[in-house]
Amino acid sequence: MSEIIEIKNISKEFKVLNRHEGLKGSFKDLFSRDYKIVHAVDNISMSISQGEIVGYLGPNGTGKSTTIKMMTGVLEPTSGEILVNGNVPYRDRAKNAQDIGVVFGQRSQLWWALPLVESFKLLKDIYQISDDSYNSIMKLYKSLVDIEPLLHKPVRQMSLGQRTLSDILAAFLHDPKIVFLDEPTIGLDVSMKSRIRALIHALNKEKNTTVILTTHDMGDVDALCRRIVIIDKGKMLYDNDIGHLKGFFGSYRTLKIRPSGDIKEQSEKLKNELDRFSAAVSVDNEWISVLINEEKAKVMEVLGEIQKLHDVRDMKLEEISTEDVIKKIYEEGVE
Amino acid sequence: MKIKRYFALTRAGILESFQYRLAMLVMIAGNLLYLTVVYFFWKAVYSSSGSDVVNGMTFSDTLIYLVLATALFNFMEMYTVWEIGRNIQSGKIVLDLLKPMRYRSYLFWSYSGTLATQFVFTFLPTFIIVCIATKGAVPLGTNLFYFVISVVMAVIINYAVDFMTGTICLYTESIWGINIMKQVIVLLLSGATIPVAFFPEGMKKAVGYMPFQSIYNTPLTILLNEKPDFTEVFKALGTQAFWCAALLILSSLFWKVSLRKITVNGG
Ligand SMILES: Nc1ncnc2c1ncn2[C@@H]1O[C@H](COP(=O)(O)OP(=O)(O)OP(=O)(O)O)[C@@H](O)[C@H]1O
Ligand SMILES: [Mg+2]
């Protein structure tokens, strides 16, 4: 397998003005030289092979979109090197653009007033897609999703889900080597999310397209990514197989219980009572979840303790989810 | 064929502008209102001067000039500054930068469809009406041919000025003020609101060294010139060609430097 993306020690700093409040402050800002440096991306390296789907994760504002903008060539790294398909993205932006596709969840590259098929035709000419490739990819699209009703609909009349779907199809249209998806499932309902995941999965399989996916939905990660990269505050935290991730903190399991009485109150009590097991207690409408590190405490012991103190009406045991692991990494970092 | 992508953008622009029929009607109505004001204003100027010819132009000369200048303005105004500014603020510019084309040509060709529609629906009808209404005051000879060449260059110069102004938005993030400033400067110094013939001597000279009059004054003068004098016409077209080249190079450099600077500083 060849490396399609090579990133070596890239950093990106933003110089931002320290703004002051109020009218007087704004006036002062006009002449201010009071800058602060934001290290949006801090010394990140990775290499990605053709055909991989990589989940690029991290809490809000940690530099994911900034990294993607550097890989696509919109931003120039402050330091470090990037090669995307042999191009230096910033220097050869237009050339690089021919090899990549992008979807930014909140915006659309489609022509708002025109029916979808017109946007596709336009992209066909802009990317100089041959008639044969265009027809064959349209055939593939038709076999994967029901686009017929969308094709003649102006984009501005589409729902968010339909538009996102269309945008993803548009990004794959010129058969790019790499597609960057920045939060493609943001704001979509469960069924649309799963349709979009299936679509991305199929396109990756069919075309061997490399996919870099950022998302805050671990469902996307579970459904699509074998490898995940996590960054926090611009720094690399984790880069490995998703399977490896689950064993990363030792063996975790989640004990879910439903006590009698007010569930919120009971969970507050439990938090204190289970302190010595160093178990994390969280609560939703139905269940209190207790995340247990089996190297530190036995599930049965914890359950016994809970039963002593509470009237447990129902319980179940779950293996740790990707969501839980990621949450733990975001909150505690990697030792 | 590379050229195909440009015409594809033109085509999309034409399709798009037909989606906004109401906007077109509003624009035509606004024009009529503006032209009424122009009519009464200049009527007052001429009657107060007490002479039929002011600065070598009769009342109907002036009126024809200004009506056509307005038509030309409506056809050439591309709102590029707004477009760039809005795209920067909304972040949509990222998607435009990721097209496998240069941003400046991408934007221009995206707008060329609107340009074509505006030519057919605003300039051409006005021109025909003026021709018929003035019964031959507008000469219809070789001047038309020169006029077309001149207008093409005027469009390019106008776009380059707009694009440079739009580039400033990368620094300021405010569109409104910059756009108004550009508008006022271009409309005044180009001869779109007052014929250059009316400018005081010193200003006429100063304007001669600027690119603005190449946008409106040059094409209109060529159009309204009954017996075009070759050397004069070629001098005018040559000046336009010079500004085309100079501004295209300048706007390209300015954009390159700015994009780099801005992406270093954020924004
Ligand atoms: N143009 C800019 N100018 C100044 N600071 C910026 C700019 N773009 C991003 N930043 C800062 O850089 C950091 C990283 O931003 P980025 O958009 O890459 O985060 P992210 O990981 O994509 O977050 P999210 O999950 O919320 O989308 C943030 O602190 C942000 O405020
Ligand atoms: Mg982001």
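The values are calculated or read from the model by the stated rules, or taken from the named source; none is laboratory data. Everything numeric here is computed off the predicted structure, so don't read it as measured data. Because the Cβ atoms are built from the backbone with ideal geometry, glycine has one as well, and the counts that use them run over all protein chains shown. Please note that ligands, DNA and RNA were not included when accessible areas were found on the heavy atoms of the full protein model with its side chains. Shrake-Rupley method; radii C 1.70, N 1.55, O 1.52, S 1.80 Å.
Let me know the volume per residue of the alpha-carbon convex hull for the stretch B:1-151, in Å³.
Details: hull volume 23.5 nm³, N = 151.
Per-residue hull volume (Cα only) is 155 Å³.
So what are the ³J(HN,Hα) numbers for the stretch B:21-34, from phi and the Karplus equation (6.51, -1.76, 1.60; θ = phi - 60°), rounded to whole Hz, Gly and Pro as x?
Residue by residue, the stretch B:21-34 yields 4, 4, 4, 5, 4, 4, 5, 5, 4, x, 4, 4, 4, 4 Hz.
Using a probe radius of 1.4 Å on heavy atoms only, what accessible surface per residue do you get for chain A? Whole Å² is fine.
Details: 15980 Å² over 335 residues.
So chain A comes to 48 Å² accessible per residue, rounded to a whole number.
Using the alpha-carbon centroid of each, what span in Å lies between the stretch A:164-210 and the stretch B:174-215?
Measuring centre to centre over Cα atoms gives 50 Å.
Sequence-distant or interchain residues sharing an amide H contact under 5 Å with A:ILE4, placed H: which?
Those qualifying (amide H under 5 Å, at least 5 residues apart or on another chain) are A:ILE48, A:SER49, A:GLN50.
Compute the longest continuous run of chain B that contains no exposed GluC sites (Glu not before Pro); treat a site as exposed when its DSSP state is not H, G, I, E or B and it has at most 14 other Cβ atoms within 10 Å.
On the way: sites that count: B:GLU173, B:GLU226.
Result for the longest clean stretch: B:1-172.
Work out, in µm²/s and without decimals, the Stokes-Einstein translational diffusion coefficient of the stretch B:2-259 at 20 °C, 1.002 mPa s, Rh from Kirkwood over C-alpha pairs.
Values: Rh = 19.5 Å.
Using the Kirkwood radius from Cα pairs, D works out to 110 µm²/s.
What are the residues of the stretch B:1-48 that lose 20 Å² or more of accessible area, with a 1.4 Å probe, going from their chain alone to all protein chains?
B:LYS4, B:ARG5, B:ALA8, B:LEU9, B:ARG11, B:ALA12, B:LEU15, B:GLU16, B:GLN19, B:TYR20
Ranking request for peptides A:184-194, B:51-61: highest mean number of other beta-carbon atoms within 10 Å first, then the rest in descending order.
Details: A:184-194: 16.4, B:51-61: 13.5.
Ranking, from highest mean packing down: A:184-194, B:51-61.
Counting only other chains, what is the mean number of Cβ atoms within 10 angstrom of the Cβ of each residue in peptide B:96-104? All intermediate terms of the calculation are to be shown ahead of the outcome.
Details: counts 1, 8, 16, 8, 12, 5, 2, 2, 0.
Across B:96-104, the average partner-chain Cβ count within 10 Å equals 6.
Distance from a point 7 Å along Cα→Cβ of B:TYR39 to each backbone N in the stretch B:207-222: keep the residues under 19 Å and list them by number.
Zone members listed by number: none at all.
How large, in Å, is the stretch A:3-246 by the Kirkwood hydrodynamic radius built from its alpha-carbon pairs? Please report the intermediate quantities before stating the final value.
Values: mean 1/r = 0.0520 Å⁻¹.
Averaging 1/r across every pair of different Cα atoms and inverting gives 19.2 Å.
How large a share of the accessible area of the stretch A:25-174, in percent, is made up of carbon and sulfur atoms when the probe is 1.4 Å and the other protein chains stay in place? Could the numbers behind the result be given before it?
On the way: 3030 of 6130 Å².
Within the stretch A:25-174, the accessible surface is 49 percent carbon and sulfur.
Average projected area of the Cα convex hull of the protein assembly as shown, in nm²?
Numbers: hull surface 144.6 nm².
So the mean shadow area of the Cα hull is 36.2 nm².
Placing +1 on the Cβ of each Lys and Arg and -1 on the Cβ of each Asp and Glu in the stretch B:2-259, which of B:GLN183, B:THR167, B:MET210 has its Cα farthest towards the positive end of the resulting dipole?
B:THR167
If the convex hull of the alpha-carbon atoms of the stretch A:1-83 is projected onto planes in all directions, what is the mean projected area in square nanometres? Mind showing how you got there, number by number?
Numbers: hull surface 27.4 nm².
Approximately 6.9 nm², given one-decimal rounding.
Return the FRET efficiency for the residue pair A:HIS216, B:PHE242: r is the Cβ-Cβ distance, R0 is 51 Å, and the value is rounded to the nearest 0.05. Present the calculation step by step, with values, prior to reporting the outcome.
Details: r = 55 Å, r/R0 = 1.08.
Working from the Cβ atoms, E equals 0.40.
Once you put a point 7 Å from the Cα of B:THR142 and another 7 Å from the Cα of A:ASP241, both along the Cβ direction, what distance in nm separates them?
For the pair B:THR142/A:ASP241, the computed spacing is 8.2 nm.
Give me the percent of accessible area attributable to carbon and sulfur for the stretch A:250-319, probe 1.4 angstrom. Intermediate results must be reported in sequence, preceding the final value.
Working: 1790 of 4140 Å².
Carbon and sulfur atoms account for 43 percent of the accessible area of the stretch A:250-319.
Can you find, among B:TYR34, B:PHE59, B:THR80, the residue farthest towards the positive end of the dipole of the stretch B:1-121? Put +1 on the C-beta of Lys and Arg, -1 on that of Asp and Glu.
B:THR80
Could you derive backbone 3J(HN,Hα) for the stretch A:271-283 from the dihedral phi with the Karplus parameters 6.51, -1.76 and 1.60 (θ = phi - 60°), listing whole Hz in sequence and x where the residue is Gly or Pro?
My calculation for the stretch A:271-283 gives 3, 6, 5, 9, 3, 6, 7, 6, 9, 8, 9, 9, 9 Hz in order.
Find the sum over both chains of the accessible area lost when B and A are paired, probe 1.4 Å, and report it in Å² to the nearest 100. Mind showing how you got there, number by number?
On the way: alone 14660 and 17380 Å², together 29190 Å².
Its buried surface, counting both partners, is about 2900 Å².
Would you calculate a helix-derived [θ] at 222 nm for chain A, using -39,500 (n - 2.57) for each DSSP H run of n ≥ 4 and dividing by the full residue count, to the nearest 500?
Working: 13 runs with 131 residues, N = 335.
The helix-only estimate for chain A comes to -11500 deg cm²/dmol at 222 nm.
Please report, in whole Å, how far the alpha carbons of the stretch A:250-319 spread along each principal axis, starting with the longest.
32, 21, 16
What's the magnitude of the charge dipole for the protein assembly as shown around its Cα centre, counting Lys and Arg as +1 and Asp and Glu as -1 at the beta-carbon? Answer in Debye, nearest 20. All intermediate terms of the calculation are to be shown ahead of the outcome.
On the way: 66 positive and 62 negative charges, 286 e Å.
Using only the charged Cβ atoms, the result is roughly 1380 debye.
First select every other residue whose beta carbon is under 15 angstrom from the beta carbon of A:LYS124; then total the charges, Lys and Arg +1, Asp and Glu -1. Don't skip to the answer; put the middle values down first.
On the way: positive: A:LYS121, A:LYS139, B:LYS2, B:LYS4, B:ARG5, B:ARG11, B:LYS99; negative: A:GLU118, A:ASP125, A:ASP131, A:ASP132, A:ASP175.
Taking every other residue near A:LYS124 into account, the sum is +2.
Using r as the Cβ-Cβ distance of B:ILE14 and A:LYS271, and R0 as 60 Å, what FRET efficiency do you calculate, to the nearest 0.05? Write down the numbers at each step before the final one.
Numbers: r = 65 Å, r/R0 = 1.09.
My answer for the efficiency is 0.40.
May I ask you to list the aspartates and glutamates whose Cα is less than 16 Å away from that of B:LYS43, ignoring any residue fewer than eight positions away on the same chain?
B:ASP52, B:ASP61
Rounded to the nearest 0.05, what FRET efficiency is calculated for B:VAL152 and A:HIS20 with R0 set to 45 Å and r the Cβ-Cβ distance?
Values: r = 49 Å, r/R0 = 1.09.
After rounding to 0.05, the efficiency reads 0.35.
Filter the cross-link list A:LYS64/A:LYS327; A:LYS12/A:LYS193; A:LYS296/A:LYS316; A:LYS271/A:LYS296; A:LYS235/A:LYS327 down to pairs whose alpha-carbon distance in this structure exceeds 27 Å. Could the numbers behind the result be given before it?
On the way: A:LYS64/A:LYS327 17 Å; A:LYS12/A:LYS193 32 Å; A:LYS296/A:LYS316 20 Å; A:LYS271/A:LYS296 16 Å; A:LYS235/A:LYS327 17 Å.
Over 27 Å Cα-Cα: A:LYS12/A:LYS193.
Here is the link list: A:LYS205/B:LYS2; A:LYS95/A:LYS205; A:LYS15/B:LYS4. Which ones come out longer than 29 Å on Cα distance? Can you show the working numbers first?
On the way: A:LYS205/B:LYS2 31 Å; A:LYS95/A:LYS205 25 Å; A:LYS15/B:LYS4 41 Å.
The pairs that break the limit, which is 29 Å between Cα atoms, are A:LYS205/B:LYS2; A:LYS15/B:LYS4.
Where Lys and Arg each count +1 and Asp and Glu each count -1, what net charge lies around A:GLY80 among other residues with Cβ under 15 Å from its Cβ? Spell out each step's value before the answer.
Working: positive: A:LYS8, A:LYS12, A:LYS69, A:ARG91, A:LYS235; negative: A:GLU6, A:GLU13, A:ASP42, A:GLU76, A:GLU81.
Computed value for this residue: 0.
Near B:ARG260, within a Cβ-to-Cβ distance under 12 Å, what is the net charge of the other residues, with Lys and Arg +1 and Asp and Glu -1?
On the way: positive: A:ARG91, A:ARG93, B:LYS256, B:LYS261; negative: A:GLU76.
Result for the local shell: +3.
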